[in-house]
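Taking it in order: structure first as C-alpha cells, then the write-up.
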Amino acid sequence: MPDCARCSAALTSALVCEACGALVPGAAAGDPFAVFGLTTAYTIDARALRKRLLKLSRLLHPDFHGTAEAAQRELAAHHSAELNSAHEVLADDCRRADWLVRHLGGPSEQTERAMPQAFLMEVLEWNEALEAARGSAPGSAPRAALGALAADLEAQRRALLQSLNRLLEPLPATGAPALADARRALNALRYIDRAAGEIAELVLGATAPR
C-alpha cells in the first residue's frame, strides 16, 4: 500500500490512515484483507480481527469527521459500509473461503455445482429423512429423528470446515486443483446450512403454541 498523502505514514488499511485519521480516496473496493490491512490467508485470528474492526470503526465514525466537508463525510460513510462488508466476509469461515477461491481463480458455485463424492450418499439419506419429516405429524418418529439428523449435519459441517482449512492453508497457487475441491466443500456446506435451517423450522413449528 502507498503512504498517506497527508502525513506520509505507511498505510495499514486501504480505507484510512491510522496515524492521522485521513481518509484514503478511491480506495480499492472488494478486497476485505486490504480493508483491514491483513495478510491474505484463510486462517484468521478472530480476536485480532475484532480489535481491528473497533479501531477502524472509530476512525471512520461520522463523529470523527463531523467538521469535515460534505464530500469527506460521504466518503467516511462509504468507507464505514465497506468496512462492515469486509468484516462480514472475514469473520465467516465459509464467506472467507468463497472469497479466496474466487480471488485465486477457482470455480464459482455456478460453474462447479458438484459436492465431494464421499458426501453424496449421505445427502441422499438426509433428503429422505427430511422428506419423511415434512410429511409427518409433530411427535411422529420421523419428526423425533430430526434431533439426531441435526447432530449429524453439525458433525459433517465441522469436518468440511477442517477440510477447507487443509485445502486453503497455506493458500494454493492461482488456478490450482485444490480450489475446485474447496468449491465442492463449500457447496456441501451450503447444503448443510440449508438443511439445518429447514430442521430448525420443522422443530419450531412442532413446538409453537397452538
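The values are calculated or read from the model by the stated rules, or taken from the named source; none is laboratory data. Here the structure is a predicted model, which means the values were calculated and not measured. Using ideal geometry, Cβ is built from the backbone for each residue, glycine included, and neighbour counts are taken over all protein chains shown.
Hey, could you check region 86-98 for residues that are surrounded by 14 or more Cβ atoms within 10 Å (Cβ to Cβ) and not aliphatic (A, V, I, L, M) and say which is farthest from ASP193 (Cα to Cα)? It would help to see each step written out before you state the result.
First, the residues of region 86-98 that are surrounded by 14 or more Cβ atoms within 10 Å (Cβ to Cβ): 86-87, 89-91, 93-98.
Now restrict to residues that are not aliphatic (A, V, I, L, M): 87, 93-96, 98.
On the way: HIS87: 20, ASP93: 13, CYS94: 11, ARG95: 13, ARG96: 16, ASP98: 15 Å.
Only one residue fits best here, namely HIS87.
Could you grab me the full set of residues in region 97-115 that are in a helix (DSSP H, G or I) and free of Cβ contacts under 8 Å to residues at least 12 places away in the same chain?
The initial filter retains those residues of region 97-115 that are in a helix (DSSP H, G or I), namely 97-103.
Selection gives ARG102 alone.
Checking PRO172 against (1) part of a helix (DSSP H, G or I); (2) within 17 Å of TYR42 (Cβ to Cβ), which test does it fail?
(1)
With the checklist (1) surrounded by fewer than 18 Cβ atoms within 10 Å (Cβ to Cβ); (2) assigned by TED's automatic domain parsing to the domain that holds ALA176; (3) touching a residue at least 60 places away in the same chain (Cβ under 8 Å) in hand, flag the one item ALA118 doesn't pass.
Among (1) surrounded by fewer than 18 Cβ atoms within 10 Å (Cβ to Cβ); (2) assigned by TED's automatic domain parsing to the domain that holds ALA176; (3) touching a residue at least 60 places away in the same chain (Cβ under 8 Å), the lone unmet condition for ALA118 is (3).
Can you tell me which residues in region 121-148 are surrounded by 13 or more Cβ atoms within 10 Å (Cβ to Cβ), part of a helix (DSSP H, G or I) and out of contact with any Asp or Glu (no Cβ under 7 Å at 6 or more places or on another chain)?
Going through region 121-148, the residues surrounded by 13 or more Cβ atoms within 10 Å (Cβ to Cβ) turn out to be 122-123, 126, 129-130, 132-133, 136, 138, 140, 142-146.
Now narrow it down to the ones that are part of a helix (DSSP H, G or I): 122-123, 126, 129-130, 132-133, 142-144, 146.
Once the filter is applied, which keeps residues that are surrounded by 13 or more Cβ atoms within 10 Å (Cβ to Cβ), part of a helix (DSSP H, G or I) and out of contact with any Asp or Glu (no Cβ under 7 Å at 6 or more places or on another chain), region 121-148 yields GLU122, VAL123, TRP126, ALA129, ALA132, ALA133, PRO142, ARG143, ALA144, LEU146.
Against the condition exposed (fewer than 15 other Cβ atoms within 10 Å of the Cβ), under 25 Å from LEU171 (Cα atoms) and modelled with pLDDT under 95, how does GLY30 come out, does it pass?
yes
Quick one: SER163 ticks every box in (1) part of a loop (DSSP other than H, G, I, E, B); (2) farther than 23 Å from ALA86 by Cα bar one, so which box is it?
Exception for SER163: condition (1).
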